[in-house]
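Below is one structure, written out as structure tokens; comments come after it.
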Amino acid sequence: MTTTAAAGPDRDAARVPVRGLTVLYDAECSLCVFVRDWLAKQPKLVPLRFVPAGSDEARHRFPGLDHRVTREEITVVGDGGQVYRSSAAFVVCLWSLRRYRRLAHRLSTPAGAHLARAAVLGASKWRESRQAADPGWGGRAYRGGDGWTYDPQGGWSYSPPPACADGSCATG
């Protein structure tokens with residue numbers, strides 16, 4: 001029996017079929033939200049549930065995961081406890097879709113794995129470039145270090161950072 005760092009013992013996929021997947025995605029990343037919406041619209045062979053990475057729900061449902069890591073790379077959890085990260089998570093998402101299962105099988109070969117890895121690395125580099133251009137920008141909301149937040153749907157709001165809870169920090 002083998003083990004993986006986050007998943008625990010190998011669950012033997014032949015004996016433990018995947019009947020549902022939970023996709024942990026960065027709800028503040030416009031690319032991640034776009035992919036979530038695209039996945040949600042596709043005809044599925046295996047149901048997908050979407051949970052924001054690092055959220056209270058994610059922490060409650062998966063207490064054994066390193067939730068800091070789930071915000072940094074795509075993570076998918078199977079209903080039998082299987083944990084897929086990075087390109088394996090990308091491939092298992094495609095595998096769950098009616099129209100893309102054949103592609104997922106191709107991407108799971110040694111040659112296809114290079115292409116899957118390149119796709120995930122490309123998405124990761126895009127996210128990094130967006131964050132480097134404006135560190136406060138999460139794709140949908142702007143978060144300044146001074147406690148101000150802008151959400152296109154809700155406008156500006158202020159929540160004092162813990163260090164400023166006594167009102168000693170400037171807000172303007």
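Values in this text are rule-based calculations from the coordinates and carry no lab data. Keep in mind that this is a model prediction, so the values were computed, not measured. When we count neighbours, we look across all protein chains shown, and the Cβ atoms used for this are built from the backbone with ideal geometry, even at glycine.
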Next on the checklist: Can you list residues from other chains, or at least 5 along the same chain, whose modelled amide H is less than 5 Å from the amide H of Thr75?
Outcome noted: Leu24
Checklist entry - With labels modelled as points extended 7 Å from the Cα through the Cβ direction, what inter-label distance (nm, one decimal) is found for Arg61 paired with Ser86? => result 2.4
Checklist outcome for this item: When the charge dipole of region 25-98 is computed with +1 on Lys and Arg Cβ and -1 on Asp and Glu Cβ about the Cα centre, the Cα farthest towards its positive end, among Pro43, Ser30, Val77, belongs to Pro43
